[in-house]
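The values are calculated or read from the model by the stated rules, or taken from the named source; none is laboratory data. Here the structure is a predicted model, which means the values were calculated and not measured. Here the Cβ positions follow ideal geometry from the backbone for every residue, glycine too, while neighbour counts run over all protein chains shown.
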Amino acid sequence: MEISKLTELQLDAIREIGSIGAGHAATALSQLTGKQIDISVPSLEIVPCTEVPQVFGGPERLVGAVYARILGDISGNILFMVDRESSLALVDLMRGRTIGTARTFGHEEERQVTHTASVLIAAYIASIARLTDMDILPSSPMFALDMAGAILQVAALEASLSSDQAILVRTRFSDEGTSVDGAPFFLPDSAGLEVILGRLGVK
């Protein structure tokens, strides 16, 4: 199944998965941080893989990324990306600090971004599993801080992509007064995507 040929009904079904997953991730992160964290999905878009770096300002833009594979009944990949400045803002948001407190990217910042993205990725995959009655789970996450173009090249090789399109699930993390935008990309295996849509009744 070609991602570029998904119907609006099929995209709505995928968007619903994202919204449900975001809700569960928000609950989990709120419990972990001890404060209310909201996660919304403002939009869902189909993006050519070659244009993914443009989402962040170009292939040379420095981004933080967390990559995980989908394992089990189907295969696929999720790549969470956020530019360096927003990565640091996300660290501050999760730690209840004023945005701008974190200025450098060290081990603690890497661990915080990886953990936050992992919670979101796991929630997305769990929502797919519940809605489709499939046995799937995420692999151990891998983190990288590099240029957007380089990260995409590595992810494409790691994932052995069968499609030249990605599903961008724009995601916004927020508390009472601050918001930070992130960008999980769903890089599905064509056969796996067809199974998901079939189970959702929108094949």
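Candidates Ile121, Ile128, Ile70: the one that is within 22 Å of Gln165 (Cα to Cα), touching a strand residue (DSSP E or B) at 6+ places or on another chain (Cβ under 6 Å) and not in a strand (DSSP E or B) is Ile121. Looking across Arg15, Arg97, one residue alone is of a type outside the set (Ser, Thr, Tyr), at pLDDT below 95 and part of a helix (DSSP H, G or I). It is Arg15.
Matching residues to (1) of a type in the set (S, T, N, Q); (2) out of contact with any strand residue (DSSP E or B) (no Cβ under 9 Å at 6 or more places or on another chain); (3) within 19 Å of Asp164 (Cβ to Cβ):
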| position | (1), (2), (3) |
| --- | --- |
| Thr33 | yes, yes, no |
| Ser40 | yes, no, no |
| Val52 | no, no, yes |
| Leu62 | no, no, no |
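How about segment 1-11: which of its residues are in a helix (DSSP H, G or I), at pLDDT 90 or above and exposed (fewer than 13 other Cβ atoms within 10 Å of the Cβ)? Residues satisfying the conditions are Glu8, Leu9. Condition first: within 26 Å of Leu9 (Cβ to Cβ) and either in a helix (DSSP H, G or I) or touching a residue at least 60 places away in the same chain (Cβ under 8 Å) (or both). Now tell me which residues in segment 157-181 satisfy that. Once the filter is applied, which keeps residues that are within 26 Å of Leu9 (Cβ to Cβ) and either in a helix (DSSP H, G or I) or touching a residue at least 60 places away in the same chain (Cβ under 8 Å) (or both), segment 157-181 yields Leu161, Ser163, Asp164, Gln165, Ala166, Ile167, Leu168, Val169, Arg170, Thr171, Arg172. Evaluated against (1) surrounded by fewer than 21 Cβ atoms within 10 Å (Cβ to Cβ); (2) over 21 Å from Pro42 (Cβ atoms), Leu152 falls short on exactly one condition, (1). Residues in segment 24-45 that are part of a strand (DSSP E or B) and surrounded by 15 or more Cβ atoms within 10 Å (Cβ to Cβ): Asp38, Ile39, Ser40, Val41, Leu44.
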